[in-house]
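Below is one structure; the comments refer to it alone.
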Amino acid sequence: MKPGSCLCGAVKFTVSGVLKAPDACHCVQCRKFSGHFSVSTDVPRDTLSIVGSEHITWYFSSAEVRRGFCSICGSSLFFDPPAKDWIGIFMGAFDGNTNTQTELHIYTAEKGDYYSITDGLPSYPSVPG
């Protein structure tokens, strides 16, 4: 079980099972939602349990995706494409170690000009494949 929460603790979650390697997304929407680029892992919906879901505000950033944040403290928590069988969780929301390592960078064509990607991980201008 991997626990996590928002900054104020109103939203808490657990993920059962092993977390897959996260990716770093540099798209404009993720940068605006998180304040920088975002790093998240995708988990099967049936492995996620949420307490305090009444404190999650969902914002539809496109017709296919909504983003969830705590309505009390504003913590960015979830990237949710409702039509898919998975949901993304922002790595900063997990409590403690996740035992993962970032796997790749996506949407690097939209990255901010104020930072460089220098970690040597695979980088893609959009989504690979």
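The values are calculated or read from the model by the stated rules, or taken from the named source; none is laboratory data. Not measured: the values here are computed from a predicted model. We place every Cβ from the backbone using ideal geometry, glycine too, and count neighbours over all the protein chains shown. Surface accessibility is based on the protein's heavy atoms, side chains included, excluding ligands, DNA and RNA. Shrake-Rupley method; radii C 1.70, N 1.55, O 1.52, S 1.80 Å.
So here's what we get for this one:
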item: Rounded to the nearest 20 debye, dipole of segment 37-129 from Cβ charges on Lys, Arg, Asp, Glu; result: 120 debye
item: Estimated vicinal HN-Hα couplings, Hz - segment 46-60 in sequence order (Karplus 6.51, -1.76, 1.60; Gly, Pro = x); result: 6, 9, 9, 10, 10, 10, x, 4, 5, 9, 8, 9, 9, 10, 7
item: Efficiency of FRET between Lys32 and Ser126 - r from beta-carbon atoms, R0 25 angstrom, step 0.05; result: 0.90
item: Cut-off under 5 Å, modelled amide H: who pairs with Cys73 long-range; result: Cys8
item: Accessible surface, the chain, averaged per residue in Å² (probe 1.4 Å); result: 55 Å²
item: For peptides 59-66, 19-26, sequence by mean Cβ density within 10 Å, most packed first; result: 19-26, 59-66
item: Around Pro22: net Lys/Arg minus Asp/Glu count, Cβ-Cβ under 11 Å; result: -2
item: Volume per residue of the C-alpha convex hull in the chain, rounded to whole Å³; result: 116 Å³
item: Under 5 Å, built H, 5+ apart or other chain: amide partners of Ser123; result: His105
item: Relative packing of peptides 41-47, 118-124 - highest average C-beta neighbours within 10 Å first; result: 41-47, 118-124
item: Shape category assigned to segment 33-75 from the gyration tensor of Cα positions, a/c cut at 1.5; result: rounded
